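These notes are about the structure you will find just below.
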Amino acid sequence: EDQVTQSPEALRLQEGESSSLNCSYTVSGLRGLFWYRQDPGKGPEFLFTLYSAGEEKEKERLKATLTKKESFLHITAPKPEDSATYLCAVGGGADGLTFGKGTHLIIQP
Amino acid sequence: NAGVTQTPKFQVLKTGQSMTLQCAQDMNHNSMYWYRQDPGMGLRLIYYSASEGTTDKGEVPNGYNVSRLNKREFSLRLESAAPSQTSVYFCASSRDAKNIQYFGAGTRLSVL
């Protein structure tokens with residue numbers, strides 16, 4: 001059974017204070033690791049997909065990395081508009097994605 | 001680009017009532033999915049359709065039925081709603097089972 005654990009559950013940062021979100025996973029045959037952003041009252045919005053260990057992707061202040069057991073979402077010099085819930089998911093042995101519970105990120109001005 | 005469109009956005013039902021949640025995508029995707037999202041839990045897969053004409057159960061299918069009406073549309077039906085089905089329901093689509101899933105805005109359902 002595929003499993004995804006995200007930590008921390010919640011994180012409060014000051015504007016400009018860099019940090020990292022963790023996603024640990026177990027999967028029978030990784031078909032992709034996905035990061036999504038979800039704003040209150042909205043559907044998840046795709047950010048990144050990673051397929052193999054060592055892969056990295058960047059977009060503005062976000063950088064996602066992947067190892068054989070976990071992925072990190074690094075946030076550099078965040079702004080208040082980066083406040084959201086960040087979801088990690090894996091495509092594994094079955095169709096569909098297995099999601100973690102998310103990290104609720106608050107960036108204070 | 002509309003992407004994935006879900007209707008209705010909000011719904012309140014009484015226990016035992018039935019309803020159908022509608023989902024349509026305009027990206028010519030082959031695969032479509034229904035998830036539910038509950039507080040303190042991750043998104044959980046209810047049913048999916050890998051391609052037109054096929055449907056399969058996900059992690060939490062009990063109490064639901066689905067229909068892949070055509071390539072664009074995938075509906076979720078609650079035959080006899082229960083309070084445990086109070087949740088936010090998301091539809092998603094992808095080019096195929098290995099690709100990025102794109103989500104709709106969700107249907108917020110309360111069963112009293």
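Just a few scattered comments:
- Residue in segment A:83-92 that is surrounded by fewer than 13 Cβ atoms within 10 Å (Cβ to Cβ), outside any strand (DSSP E or B) and not aromatic (F, W, Y) present: no
- Residues that are away from chain B (no Cβ under 11 Å), part of a loop (DSSP other than H, G, I, E, B) and either among the aromatic types (F, W, Y) or surrounded by 15 or more Cβ atoms within 10 Å (Cβ to Cβ) (or both), drawn from segment A:2-29: A:V27
- Annotation note: of A:G54, A:G96, the sole residue that is within 14 Å of another protein chain (Cβ to nearest Cβ) and out of contact with any Lys or Arg (no Cβ under 8 Å at 6 or more places or on another chain) is A:G96.
- Here B:V66 fulfils each of the conditions (1) within 21 Å of A:K42 (Cβ to Cβ); (2) crowded, with 19+ Cβ neighbours inside 10 Å; (3) away from chain A (no Cβ under 12 Å) apart from (1).
- All positions within segment B:84-111 that are open to solvent by 30 Å² or more (accessible area, probe 1.4 Å), at the interface with another protein chain (Cβ under 9 Å from one of its Cβ atoms) and not in a strand (DSSP E or B): B:K98, B:N99, B:I100, B:A105
- Among the residues listed as B:Q6, B:Q11, the single one being open to solvent by less than 40 Å² (accessible area, probe 1.4 Å), assigned to a strand (DSSP E or B) and touching a residue at least 24 places away in the same chain (Cβ under 8 Å): B:Q6
- Checking each residue in segment B:49-63 for being in a loop (DSSP other than H, G, I, E, B) and either of a type in the set (G, A, S) or open to solvent by 60 Å² or more (accessible area, probe 1.4 Å) (or both) picks out B:A50, B:S51, B:E52, B:G53, B:T55, B:G58, B:E59, B:N62, B:G63.
- Candidate set from segment B:73-83 (those that are modelled with pLDDT of 95 or more and over 13 Å from the mean Cα position of the chain (by Cα)); member that is farthest from the other protein chains (Cβ to nearest Cβ): B:S80
- Check on A:S52, without any contact (Cβ under 8 Å) to a residue 40 or more places away in the chain, more than 27 Å from B:C91 (Cβ to Cβ) and either among the hydroxyl-bearing types (S, T, Y) or open to solvent by less than 40 Å² (accessible area, probe 1.4 Å) (or both): yes
The values are calculated or read from the model by the stated rules, or taken from the named source; none is laboratory data. Note that the coordinates shown come from a computational prediction; the quantities given were computed from them, not determined experimentally. Every residue, glycine among them, receives a Cβ derived from its backbone with ideal geometry; neighbour counts consider all protein chains shown. What goes into the accessible areas is simple: the full protein's heavy atoms, side chains included, and nothing from ligands, DNA or RNA. Shrake-Rupley method; radii C 1.70, N 1.55, O 1.52, S 1.80 Å.
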